[in-house]
Every structure is written in C-alpha cells, then in structure tokens.
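Before any comments, here is the structure.
The values are calculated or read from the model by the stated rules, or taken from the named source; none is laboratory data. Keep in mind it's a predicted model, so treat the numbers as computed, not measured. Side chains included, ligands, DNA and RNA excluded: accessible areas come from the protein's heavy atoms. Shrake-Rupley method; radii C 1.70, N 1.55, O 1.52, S 1.80 Å.
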Amino acid sequence: MSTTWIVVANARTARIFANHGPNKGIELVTEKAAAPEIEVFDPLGRSDRRGEPTRAATQGFAHELARDLQMGRSRGDYKRAVLVAPPSFMGMLNSELDPPTASMVSNRLDKDYTKLQGRDLNTQLGQCLCV
C-alpha cells in the first residue's frame, strides 16, 4: 500500500503524519516548531506581549518544511502528499517546493488544523485520505 504524508502546519508549528491506506488512520512522523517568537516593543511596558514571526522567519520555516518533503520524496518515504495550512502560509510553502515534490501534492486544504488532535484531525482529513 502506498504511503501518504500529511503536512499540518502554520507559521509557528508543523506536524507531518503518515497514512498507509484507507481506514489505517494517521501516525505522527515528525513535529517541528519555528524559531522562537521575537519580542515586540510595547510602549506601555508590558513584558508578556509576544510578537508575530517575521516574514523572513516564516519563509525560512516554509523552506525547512519543503526541504523535509523533498528529502522524504527522494528516500521514497511517501507516494503522495497532502498540505494543510492557512492560506498565507500555504502560499509560502508552495513557493518553496521544488517541481518534483510539488507534483506529489494531491490535495491542499487552506485550513489551520494545527490544534486538532487524533480522531478530530483524522475526521477532518478523511476525504483527502480516501483518494
């Protein structure tokens, strides 16, 4: 049975899952986090306020994920891939994929499912995994 990798990501975190066929569920392959958040200047002096990742940091994280997908493809770890990310990060991730890896992407979902776990994630991805 061919393996599908599912990348569930946003600008801060990513998980790559494997699915080994219909009704087989998903298993975690790897989990990644972007570089730590940057501090934001706060004129009111609140120190607990966190900043958003910079565009360069987000692009770097997308590049890292694309590299992981490329390495997995060249090792033969998967036969097709599904990308799940919010639209802004999906665009960055797509721009970082090399053509052979991009051709293995069968589905793209413009959603942020990074907080979903187990059965909930499997339910949301079910239609993509039955192809």
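Whole angstrom only: what separates the Cα centroid of region 93-131 from the Cα centroid of region 5-26?
Between the Cα centre of region 93-131 and that of region 5-26, the gap is 7 Å.
Keeping the other protein chains in place, figure out the carbon and sulfur percent of the accessible area of region 85-131, with a 1.4 Å probe. Kindly include the intermediate steps, with their values, before the conclusion.
On the way: 1420 of 2810 Å².
Here carbon and sulfur together make up 51 percent of the probe-accessible area.
At 1.4 Å probe radius, can you tell me the per residue accessible area of region 58-131 in Å²? Walk me through the numbers on the way to the answer.
Details: 3940 Å² over 74 residues.
Averaged over the residues of region 58-131, the accessible area is 53 Å².
Which of rounded, prolate, oblate describes region 74-131, given a ≥ b ≥ c as roots of the alpha-carbon gyration tensor eigenvalues and a/c under 1.5 marking rounded, otherwise prolate only if a/b is larger than b/c?
Details: a/c = 2.18, a/b = 1.29, b/c = 1.69.
Here region 74-131 falls in the oblate category.
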